[in-house]
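The values are calculated or read from the model by the stated rules, or taken from the named source; none is laboratory data. In this text, all values refer to a predicted model and were calculated from it rather than measured experimentally. With ideal geometry, Cβ positions are generated from the backbone for all residues, glycine too; neighbour counts draw on all protein chains shown.
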Amino acid sequence: SQLPGDSMWFGLTLVSSAPTSGSKRGRTDVVMVTPWLAPVVWEGTFNPNLLDSIYKLKNIRIAATVFAVGKYTIFLKNFLETAEQHFFVGFQVHVYVFTDRPLDVPQVKMSAGRQLTVRSVPNSQRWQEISARRMELIQKLIEDNLHSYADYIFCLDVDSQFHGRWGTESLGGLVGVIHPDDRSRFPYERRPESRAYVAPGEGDFYYCGGAFGGTLEEVHLLTKTCHTNFIDDAKEGIEAAWQEESHLNRYMWINKPSKVLSPEYLWQDFKPRNPEVHLVRFSGVIKNYAAIRPNV
Ligand code: UDP
Ligand code: MN
């Protein structure tokens, strides 16, 4: 049987005169592949219907983790409602909400095949610790037999919302999202004493701590490594500049992601949209840090 949209390829030549669903596949204004040959996913570089039909046959299950500790529960409603509209629509999705306030988790109507589980976690007096402890708790979630429930996992910041499709085009072994800030501002950890150290001149992209994913196996290894390195740093009295995000960046420098998602996959609402970003799919909402974090 023929899959939708597979008629535009003729041997090795991309025929650009016969687009199949309105947009020509391919972009000339952005990098579409990394030097290690991982795709970089941008709007206009993939055929969503074709991809969905391939993954439908595999009956895949997607897990998503989101942490809402302390006052961050206020973000859950919008996060969950917009996920219903845009995140792997039509697929089996299991959202895991980690919170210290289970009673504040809103009831959001979920479509057939989608479900939500609440996991209790302790609160903390420091946002740095709340943020960094995610690695350990995701590692544990995967070890707690998540294999029976999911094939892929995405770990997302709760202070964010979906605006556009986030689907099968994002699937891969290890998946990172390119940070929307420009290269000169890459805040890698620069102290060689830290296990998150990235030397000047090193680093491919600066990846977001607020969105990453992949297969359970790959994400387990990432979270376990980042957590262990974070703890070992702490024993020596050092905390990386951006906590787990710094460790994630070190990890992805050494272990190259097999798929890289463009900044469409984690934009920031306060940032004007760059011209190369044709579609913002997911973005961080504007928040009052002083009002919602336990410390400054
Ligand atoms: N977080 C939380 N409670 C806190 C601080 C952080 O639940 O008090 C979680 C939440 O999922 C949040 C993530 O940690 O999205 C990262 O923190 P934040 O979004 O504040 O970092 P930013 O995106 O501003 O760098
Ligand atoms: Mn955030």
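Within the stretch 182-207, which residues are assigned to a loop (DSSP other than H, G, I, E, B) and aromatic (F, W, Y)?
Of the residues in the stretch 182-207, the ones assigned to a loop (DSSP other than H, G, I, E, B) are 182, 186-188, 190-196, 198-206.
Within the stretch 182-207, F186, Y188, F205, Y206 qualify.
Count, please, the residues in the stretch 263-289 that happen to be within 12 Å of ligand 1 (Cβ to nearest atom) and more than 13 Å from H163 (Cα to Cα).
5
Here are some conditions: (1) within 16 Å of ligand 2 (Cβ to nearest atom); (2) in a strand (DSSP E or B); (3) surrounded by fewer than 17 Cβ atoms within 10 Å (Cβ to Cβ). V97 meets all but one. Which one does it not meet?
(3)
Quick one: in the stretch 105-154, of everything that is of a type in the set (V, I, T) and within 16 Å of ligand 2 (Cβ to nearest atom), which residue is farthest from R293 (Cα to Cα)?
Going through the stretch 105-154, the residues of a type in the set (V, I, T) turn out to be 105, 108, 117-118, 121, 130, 138, 142, 153.
Retained after the next criterion (residues that are within 16 Å of ligand 2 (Cβ to nearest atom)): 130, 138.
On the way: I130: 10, I138: 21 Å.
My answer is I138.
Checking S170 against (1) among the polar types (S, T, N, Q); (2) surrounded by fewer than 22 Cβ atoms within 10 Å (Cβ to Cβ); (3) at pLDDT 95 or above, only one condition comes out false. Which one?
(2)
Are any residues in the stretch 239-274 more than 25 Å from V219 (Cβ to Cβ) and more than 14 Å from ligand 2 (Cβ to nearest atom), and if so, which ones? Full working, then the answer.
To start, the set of residues in the stretch 239-274 that are more than 25 Å from V219 (Cβ to Cβ) comprises 269-274.
Correct list: P272, R273, N274.
Hey, does the stretch 187-202 have a residue that's closer than 24 Å to S148 by Cα, buried (at least 20 other Cβ atoms within 10 Å of the Cβ) and of a type in the set (S, T, Y)?
As a first pass, look at the stretch 187-202 and keep what is closer than 24 Å to S148 by Cα: none.
Checking the stretch 187-202: not a single residue is closer than 24 Å to S148 by Cα, buried (at least 20 other Cβ atoms within 10 Å of the Cβ) and of a type in the set (S, T, Y).
Which of the residues that make up the stretch 113-125 are surrounded by 12 or more Cβ atoms within 10 Å (Cβ to Cβ), outside any strand (DSSP E or B) and either of a type in the set (F, W, Y) or within 13 Å of ligand 1 (Cβ to nearest atom) (or both)?
If we filter the stretch 113-125 for residues that are surrounded by 12 or more Cβ atoms within 10 Å (Cβ to Cβ), which is where we start, we get 113-119, 121, 123-124.
Keeping just the survivors that are outside any strand (DSSP E or B) gives 113, 121, 123-124.
Scanning the stretch 113-125 gives V121, N123, S124.
In the stretch 275-296, what residues are more than 13 Å from ligand 2 (Cβ to nearest atom) and surrounded by 14 or more Cβ atoms within 10 Å (Cβ to Cβ)?
Across the stretch 275-296, the qualifying residues are E276, V277, H278, L279, V280, R281, P294.
Give the stretch 139-181 a look and list any residue that's assigned to a loop (DSSP other than H, G, I, E, B), away from ligand 1 (no atom under 16 Å from the Cβ), under 13 Å from the mean Cα position of the chain (by Cα) and farther than 23 Å from T117 by Cα, or say none.
Pass one, the stretch 139-181, residues assigned to a loop (DSSP other than H, G, I, E, B): 144-145, 149-151, 157-159, 163-165, 167, 171-173, 179-181.
Filter once more, so that each one left must be away from ligand 1 (no atom under 16 Å from the Cβ): 144-145, 149-151, 163-165, 167, 171-173.
Filter once more, keeping what is under 13 Å from the mean Cα position of the chain (by Cα): 167, 171-173.
Listed by number, the residues that qualify are G172, G173.
Return the pairs, sorted by first residue and then second, in which the second residue is within 13 Å of ligand 2 (Cβ to nearest atom) and in a loop (DSSP other than H, G, I, E, B), the first residue lies in the stretch 132-161 and is free of Cβ contacts under 8 Å to residues at least 24 places away in the same chain, the beta carbons are less than 9 Å apart, and the residues are 6+ apart or on different chains.
Once the first residue is free of Cβ contacts under 8 Å to residues at least 24 places away in the same chain and sits in the stretch 132-161, its partners that are within 13 Å of ligand 2 (Cβ to nearest atom) and in a loop (DSSP other than H, G, I, E, B) give R133/V69.
Checking the conditions here, which among R119, R114 is basic (K, R) and closer than 14 Å to A68 by Cα? Full working, then the answer.
Numbers: R114 fails: closer than 14 Å to A68 by Cα.
After applying the criteria, what remains is R119.
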